[in-house]
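To keep things clear, I will list the structure first and then write my remarks on it.
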Amino acid sequence: MVLVTSNKPKGLLCVNYIEKVSPAELEDALGEIQEQLADLPTGMRLLADLSQLESMDPECMTQIGRTMDLLDQKGVSLIVRVIPDPSKDIGLNILTIFHYPRQPRIITSPSLAQALHELELWSQASK
C-alpha cells in the first residue's frame, strides 16, 4: 500500500510505503502524487516514510524513477527518507543519481521523529 498526503501551508508531500508494495499500487500512487503536487509550491519538500515497508517488487523501480522525475520537475528542495533498517534501502541512492539532476538536499533518518525534526515540523525537545 502507498499512502499519499500533503500539507500545502508547509509545502510538504508525504508518501508512506506500507507492507508489500506492488507496481500497480505505485502506478495509482503516481496519479495521487501528481494531483497533490499541483497544489504545492515549487521548492516543496518530501517526506518518504519506508518505516512500515516489508517488501517492494523489483519492478517498482520504474515507477519510483517516474515519481522522482515528477518531484524534480516540481523543484523539490529537500527529501527526507525514513529508513530505520539500512538493509531495506531499495536502491534509492542509485535512482537519485539519474532522476534528480537538480540535486535536492537528501537526508536519511532512522525514525519518523528524527525526520520530522529535520523537516522542522517537530522539536524533539518538546516531547
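The values are calculated or read from the model by the stated rules, or taken from the named source; none is laboratory data. Everything numeric here is computed off the predicted structure, so don't read it as measured data. Quick reminder, even Gly has a Cβ in these numbers, built from the backbone with ideal geometry, and neighbours come from all protein chains shown.
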Members of the range 3-26 that are surrounded by 14 or more Cβ atoms within 10 Å (Cβ to Cβ), aliphatic (A, V, I, L, M) and either out of contact with any strand residue (DSSP E or B) (no Cβ under 6 Å at 6 or more places or on another chain) or in a helix (DSSP H, G or I) (or both): 26
Hey, residue 54 out of contact with any Pro (no Cβ under 6 Å at 6 or more places or on another chain) and either not in a helix (DSSP H, G or I) or not acidic (Asp, Glu) (or both) or not: yes
Test: residue in the range 88-95 that is modelled with pLDDT of 90 or more and under 15 Å from the mean Cα position of the chain (by Cα): no
Near pairs, Cβ below 6 angstrom, 6+ apart or cross-chain, from the range 11-40 (within 22 Å of residue 83 (Cβ to Cβ) and of a type in the set (D, E, K, R)) to any residue that is surrounded by 20 or more Cβ atoms within 10 Å (Cβ to Cβ) and modelled with pLDDT of 95 or more: 25/2
Pick from the range 96-106, criterion surrounded by fewer than 16 Cβ atoms within 10 Å (Cβ to Cβ) and under 22 Å from residue 40 (Cα atoms), ranking: modelled with the lowest pLDDT: 101
Residue ID - farthest from residue 10 (Cα to Cα), chosen from residues in the range 66-89 that are touching a Pro at 6+ places or on another chain (Cβ under 9 Å) and assigned to a loop (DSSP other than H, G, I, E, B): 85
Any hit, the range 83-91, residues being among the hydrophobic types (A, V, I, L, M, F, W, C) and surrounded by 12 or more Cβ atoms within 10 Å (Cβ to Cβ): yes
